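The values are calculated or read from the model by the stated rules, or taken from the named source; none is laboratory data. Bear in mind the structure is a predicted one, so any value in this text is a computation, not a measurement. Please note: Cβ atoms are built from the backbone with ideal geometry, for glycine as well, and neighbour counts cover all protein chains shown.
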Amino acid sequence: MSLVMNDEQIANLIAAEEQRQRDGLELIPSENYVSRDVLTALGSVFTNKYSEGYPGRRYYGGQEFTDQIEQLAIDRAKQLFGADHANVQPHSGAPANEAVYSAWLQPGDTVLAMDLSHGGHLTHGAPVTRSAQLYNFVRYKMKDISTGEIDYDEVRRLALEHRPKIILAGFSAYPRELDYAKFAAIGNEVGALLMADMAHIAGLIAGGVAQNPFDYGFHVITTTTHKTLRGPRGGLILSKGIVGNPLKKPEKTLENIPTLIDRAIFPGMQGGPHMHVIAAKAVAFHEALQPEFRDYAAQVVKNAAVLADELSARGFQLVTGGTSNHLILADVYRSFGIDGKVAEVALDKIGLTLNANAVPDDPLPPFKPSGIRLGTPAITTRGLREEHMAQLADWIKRAIDARDNDETLARLRDDVKSFVAQFPLPSDR
């Protein structure tokens, strides 16, 4: 995309970042490339408008078109995921999770969630977060790291012992699919609110290649709108229940969850919503409702499975032995005796971007963990398919082997740049 700005410094930096993305491949599984239409909505005049409140219940005038934009986003999100209600205002996934906690919990209440070291997210109770200072998080782990199996008997034991108000199924670095039916049975037994954080797999659910927690009786789903959903950076909360007036405080019952969540977002946590982002979310939801998005989601999973096999063949030890979704977690410390940050830096030098990541029960420190996390959402958007995964795995291994050889890394970067020229960014099409 051409960009003309009076601020030459910013314009040059934007152009440089665009070229960086064009010349390499994004393998971070939480990143993606958005369409030109999403970018257009994101840069629209809706950024000028304050719209505190909800459609039909705003505190400022001039809301004729903001109401229509937000209602479109709500209706499309509900259709996409089979929800009774959608709150499209969260600025990102973290405040979306915090809003659900705030809507349902009192300080000191217990949440049962996946341990960060076994694939959970920071907002699922990591001690450094604000939510962990307010609520009591009890964490479950994988039973068998080689397969990714979770000990659901242990989850049930913890639930019976601690009586959590929320049972949270979700992850940030877990390459397999969760058994939502088992979580639901445990949650119903102890009377907990069933919450799923699908930030990483929202696009896979929308595309029909991952299970929808609502089909198993979950009450709330939170997600980001980027990652596999290919929208702008933002958050979304979906829920089942009765949609009421957010200006009136309802009783704290499961049926009233939608209204409790609305009140937790505004006025509880956020002021004016980012209407330009909501417009871009509406565009992304529309794109995800199209038949070709299902093809995209299926291709993401196919690419990940082949890439995992190709990495395994080159000596990478994979957490859970592979992947069932879009995400791969490789233990490079056990595989090659290096930490994940060393691998990340080497791959950056050849134009392949991924992130260092802890592995379960990691013996190394958080800033130099044992693993690397990579995935296929963004490269699938660019157009890569199964037949390209062997080349990708080969470059990853060669870059790690040549990590101290700048001359070899420079040649590999040229190879990557030449290869990716055939796969334009969506904004270049």
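Any residue at all in region 368-376 that is surrounded by fewer than 20 Cβ atoms within 10 Å (Cβ to Cβ) and either over 26 Å from the mean Cα position of the chain (by Cα) or in the same structural domain as Ile328 (by TED's automatic domain parsing) (or both)? Can you show your working first?
First, pick out the residues of region 368-376 that are surrounded by fewer than 20 Cβ atoms within 10 Å (Cβ to Cβ): 368.
Narrowing further to those that are either over 26 Å from the mean Cα position of the chain (by Cα) or in the same structural domain as Ile328 (by TED's automatic domain parsing) (or both): 368.
Yes.
Only residues that are in contact with a helix residue (DSSP H, G or I) (Cβ under 7 Å, 6 or more places away or on another chain) and within 14 Å of Glu70 (Cβ to Cβ): list them for region 244-269, please.
If the condition is that a residue be in contact with a helix residue (DSSP H, G or I) (Cβ under 7 Å, 6 or more places away or on another chain) and within 14 Å of Glu70 (Cβ to Cβ), then Pro246, Ile265 are the ones that fit.
Is it the case, given these coordinates, that Ala132 is in the same structural domain as Ser92 (by TED's automatic domain parsing) and touching a His at 6+ places or on another chain (Cβ under 6 Å)?
no
Per-residue answers, yes or no, for (1) part of a loop (DSSP other than H, G, I, E, B); (2) out of contact with any Leu (no Cβ under 6 Å at 6 or more places or on another chain); (3) among the aliphatic types (A, V, I, L, M); (4) over 26 Å from Val190 (Cβ atoms):
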{"residue": "Gly62", "(1), (2), (3), (4)": "yes, yes, no, yes"}
{"residue": "Ile69", "(1), (2), (3), (4)": "no, yes, yes, yes"}
{"residue": "Glu98", "(1), (2), (3), (4)": "no, yes, no, no"}
{"residue": "Gly108", "(1), (2), (3), (4)": "yes, yes, no, no"}
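Report, by residue number, each residue of region 116-141 that is assigned to a helix (DSSP H, G or I) and either surrounded by fewer than 19 Cβ atoms within 10 Å (Cβ to Cβ) or within 17 Å of the chain's Cα centre (by Cα) (or both).
Selection gives Leu116, Ser117, His118, Leu122, Thr123, His124, Arg130, Ala132, Gln133, Leu134.
State the number of residues belonging to region 211-257 that are touching a His at 6+ places or on another chain (Cβ under 7 Å), in a loop (DSSP other than H, G, I, E, B) and among the charged types (D, E, K, R).
Residues flagged as touching a His at 6+ places or on another chain (Cβ under 7 Å), in a loop (DSSP other than H, G, I, E, B) and among the charged types (D, E, K, R) within region 211-257 amount to 2.
Out of the residues in region 223-263 meeting the condition of being of a type in the set (Gly, Ala, Ser) and crowded, with 24+ Cβ neighbours inside 10 Å, tell me which one is nearest to Leu289 (Cα to Cα).
Per the criteria, the residue is Gly231.
Could you list all residues from region 396-411 that are farther than 30 Å from Arg36 by Cα and among the hydrophobic types (A, V, I, L, M, F, W, C)?
Hits for region 396-411 are Ala399, Ile400, Ala402, Leu409, Ala410.
Residue under question is Asn325, and the condition is that it be surrounded by 23 or more Cβ atoms within 10 Å (Cβ to Cβ), touching a Lys or Arg at 6+ places or on another chain (Cβ under 8 Å) and either in the same structural domain as His226 (by TED's automatic domain parsing) or under 25 Å from Val301 (Cα atoms) (or both); does it hold?
yes
Going through region 284-302 one residue at a time, which ones are farther than 23 Å from Ile328 by Cβ and surrounded by fewer than 24 Cβ atoms within 10 Å (Cβ to Cβ)?
His286, Glu287, Leu289, Gln290, Pro291, Glu292
Please state which one of Val111, Val128 is of a type in the set (Val, Ile, Thr) and modelled with pLDDT under 95.
Val128
Might you check whether a residue that is of a type outside the set (Val, Ile, Thr) and over 30 Å from Val277 (Cβ atoms) occurs anywhere in region 129-136?
yes
Please verify whether Phe285 is touching a Phe, Trp or Tyr at 6+ places or on another chain (Cβ under 9 Å) and assigned to a helix (DSSP H, G or I), treating the condition exactly as stated.
no
Do the conditions hold for Lys182, that is, is it over 19 Å from the mean Cα position of the chain (by Cα) and either under 25 Å from Leu374 (Cβ atoms) or modelled with pLDDT under 95 (or both)?
No.
Can you find, within region 399-429, the residue that is modelled with the lowest pLDDT among those that are more than 16 Å from Lys341 (Cα to Cα) and among the basic types (Lys, Arg)?
Only one residue fits best here, namely Arg429.
May I ask you to list the residues in region 412-424 that are under 26 Å from the mean Cα position of the chain (by Cα) and either without any contact (Cβ under 8 Å) to a residue 24 or more places away in the chain or surrounded by fewer than 17 Cβ atoms within 10 Å (Cβ to Cβ) (or both)?
Phe423, Pro424
Which one of Val45, Val88 is out of contact with any Phe, Trp or Tyr (no Cβ under 7 Å at 6 or more places or on another chain), more than 30 Å from Ala159 (Cβ to Cβ) and surrounded by 21 or more Cβ atoms within 10 Å (Cβ to Cβ)?
Only one candidate qualifies: Val88.
Could you tell me which numbered condition Pro246 fails, if it satisfies all but one of (1) modelled with pLDDT under 95; (2) closer than 30 Å to Glu26 by Cα?
Status for Pro246: all satisfied but (2).
Out of region 197-220, which residues are surrounded by 23 or more Cβ atoms within 10 Å (Cβ to Cβ), touching a helix residue (DSSP H, G or I) at 6+ places or on another chain (Cβ under 6 Å) and over 22 Å from Leu374 (Cα atoms)?
Pro213, His219, Val220, listed by residue number.
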